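Engineer: Here it is, the structure in full.
The values are calculated or read from the model by the stated rules, or taken from the named source; none is laboratory data. All values reported here derive from a predicted model rather than from experimental measurement. For neighbour counting, all protein chains shown are included, and Cβ atoms are generated from backbone atoms with ideal geometry for every residue, glycine included. Heads up: the accessible areas ignore ligands, DNA and RNA and are worked out on the full protein's heavy atoms, side chains in. Shrake-Rupley method; radii C 1.70, N 1.55, O 1.52, S 1.80 Å.
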Amino acid sequence: MNKLIKVLLVVGLLAACTGKPPIDEPEVKTIDEIVELEMRASFDFFWEQTTTTEGSVAYGLIRDRYPGSEGIASMASVGFGLTAIVIGVEKGYITYSEGLDRVAGTFETLAMMDRVEGFYYHFVDMTTAKRAWSSEVSVIDTGILMMGVLTAGGYFSELNDIALALYDEVNWAWYVDPANHQFYMSYKPETGFAGHWDFYAEQLMLYILGAASTTHPTGMDEYNSFIRHEKKYGSGEPFIHSWFGSIFTYQFTHAWVDFEGTTDLEGVDWYANSVEASKAHYNYAVKVDSQFKTIGPNAWGLTASDGPNGYNGLYGAPPSGYDNLAHVVDDTVAPAGAIGSIVFLPEEAKTAMLNYYNDQDLFGKYGFVDAYNLTKKWKASDVIGIDKGITLLMLANWQDDIVYNVSMNHPVILRGLTALGITAGN
């Protein structure tokens, strides 16, 4: 008798004896199938977890996370979400008309919201559009929002003038410390400015947006103000690294700005820098594979995410700080870490995605959960907007330059890059 038939008969007999049907194993997916599933599920988060009540003063505001923090939007999530609408139209998830209506309504909300010198509060109520949790007036969330505003405006040309008006109202120079030309980290009306963007991180977009402004510009002084500390990991090449070594810091600006083939006036190639950072994360995961249950060549890219004890912005990999002691590792891995580097390290990112879907069963209603930790036998219950955003945008760029085709033809982005001397052929 054929061995396969014998196995099927045995399984059937066992099921009959227990009174239970055979357990169906999850269907193994190919990488192309997983990419499509994750893109659609991430888009669905932005499309569905949005205030869509007609006439609402908060129309178009998008949740910071789901299912946690019900009723709270983040402006960074809105920025990623506006870009997600462009992807949704290009992928056929929604029609052009549907996308246009959603963006138009969102722009109306953004124009009416409380701002300080054009900057938005980090967290806002999804019903009233008012400041939530005594949050700060956020320069980086406003920057991410403006990248989404400009991309959506560039795609839906009928709305471009409104997008430019929103952008023109941001007083980038106001958020800069005149003593050192660094952007402050945050501002609260009650206490004023605090901290500085003094090290390399995700804030590259701020210098581009500021340098391009015709109303409230910043320039080379600001771009040259932050510390460019170079270090290598293992046998890799030295690169300019972020303080905590979180991999998202090497990704966020790159979701809209394609630096490949460009250098600045000092010869810095920001695309190559992110490639080297991604290699460092991967090589670190390979090195510590035997020390952890989660981290390894199939699960890499340590980044700020939820963890067993709540959200942790210190997750990262070396190099970090000045002494490689600034980052935290507890075996928590966020799928967005590797996926967000797919344009920098595609084969390693795809291997991680196959593991997350086929072996770890991390896929849910809105795609991959935020993070997991096999040592702690823990899996996040939430998805987070900024992590869904970097996943969706980078997959779209890796697949077909969907975002870059719009953003890298936008006059504001091109003007900002030129003003900073970030061009091809330097």
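Engineer: With +1 on each Lys and Arg Cβ and -1 on each Asp and Glu Cβ, how big is the dipole of segment 203-336 about its Cα centre, in debye rounded to the nearest 20?
Structural biologist: Values: 6 positive and 15 negative charges, 71 e Å.
Rounded to the nearest 20 debye, it is 340 debye.
Engineer: Another question, if that's okay. Treating each Cα of segment 160-319 as an identical point scatterer and ignoring solvent, apply the Debye formula and state log10 I(q)/I(0) at q = 0.10, 0.14, 0.18 Å⁻¹.
Structural biologist: At q = 0.10, 0.14, 0.18 Å⁻¹ the computed log10 ratios are -0.44, -0.82, -1.18.
Engineer: If you wrap a convex hull around the C-alpha atoms of segment 126-172 and split its volume per residue, what is the figure in Å³? Walk me through the numbers on the way to the answer.
Structural biologist: Values: hull volume 4.5 nm³, N = 47.
In segment 126-172, the Cα convex hull volume per residue is 97 Å³.
Engineer: Moving on. Taking a probe of 1.4 Å, how large is the accessible area per residue of the chain, in Å²? Don't skip to the answer; put the middle values down first.
Structural biologist: On the way: 17360 Å² over 426 residues.
On a per-residue basis, the chain sits at 41 Å².
Engineer: Put a dot 7 Å past each Cα toward the Cβ at Thr128 and Lys287; how far apart are the dots in nm?
Structural biologist: Label at Lys287, label at Thr128, 5.0 nm between them.
Engineer: Checking a compactness column here: for the chain, what do you get for Rg(Cα) / (2.2 N^0.38 Å), N being the number of residues?
Structural biologist: Details: Rg = 22.3 Å, N = 426, 2.2 N^0.38 = 22.0 Å.
Cα-based Rg divided by the globular estimate yields 1.02.
Engineer: Straight-line reach from Lys188: which lysines fall under 16 Å, measuring Cα to Cα and dropping same-chain residues less than 8 apart?
Structural biologist: Cα-Cα hits under 16 Å: Lys130.
Engineer: With bins 10 Å wide starting at 0, give me the P(r) of segment 114-196 over every alpha carbon pair, in whole percents.
Structural biologist: 18, 44, 31, 8, 0
Engineer: What fraction, in whole percent, of alpha-carbon pairs in segment 35-133 exceed 23 Å separation? Kindly include the intermediate steps, with their values, before the conclusion.
Structural biologist: Values: 1062 of 4851 pairs.
The proportion of pairs with Cα distances above 23 Å equals 22 percent.
Engineer: With unit charges on the beta carbon (Lys/Arg positive, Asp/Glu negative), name the residue among Gly340, Met353, Trp378 whose Cα is farthest towards the positive pole of the charge dipole of segment 315-387.
Structural biologist: Trp378
Engineer: Also: Can you tally the net charge around Ile94? Count Lys and Arg as +1, Asp and Glu as -1, for every other residue whose Cβ sits under 12 Å from the Cβ of Ile94. Walk me through the intermediate numbers first.
Structural biologist: On the way: positive: Arg40, Lys91, Arg102; negative: Asp44, Glu48, Glu90, Glu98, Asp101.
Net charge in that neighbourhood comes out at -2.
Engineer: Counting only protein heavy atoms and a 1.4 Å probe, tell me what percentage of the chain's accessible area is made up of carbon and sulfur. Mind dumping the intermediate values first?
Structural biologist: Working: 9200 of 17360 Å².
So the carbon and sulfur contribution to the accessible surface is 53 percent.
Engineer: For segment 129-241, what is the relative contact order in percent, using Cα pairs closer than 8 Å and at least 6 residues apart in sequence? Could the numbers behind the result be given before it?
Structural biologist: Working: 134 pairs, mean separation 25.0, N = 113.
22 percent.
Engineer: Is there a pair in Lys350/Lys388; Lys293/Lys350; Lys29/Lys365; Lys232/Lys377; Lys231/Lys376; Lys279/Lys350 whose C-alpha atoms are over 24 Å apart, and which pairs would that be?
Structural biologist: Numbers: Lys350/Lys388 16 Å; Lys293/Lys350 20 Å; Lys29/Lys365 17 Å; Lys232/Lys377 32 Å; Lys231/Lys376 32 Å; Lys279/Lys350 14 Å.
The pairs that break the limit, which is 24 Å between Cα atoms, are Lys232/Lys377; Lys231/Lys376.
Engineer: Can you return the aspartates and glutamates within cross-link range of Lys379? Criterion is Cα-Cα under 15 Å, with same-chain partners fewer than 8 residues away left out.
Structural biologist: Lys379 reaches Asp306, Asp330, Asp331, Asp359, Asp361, Asp370.
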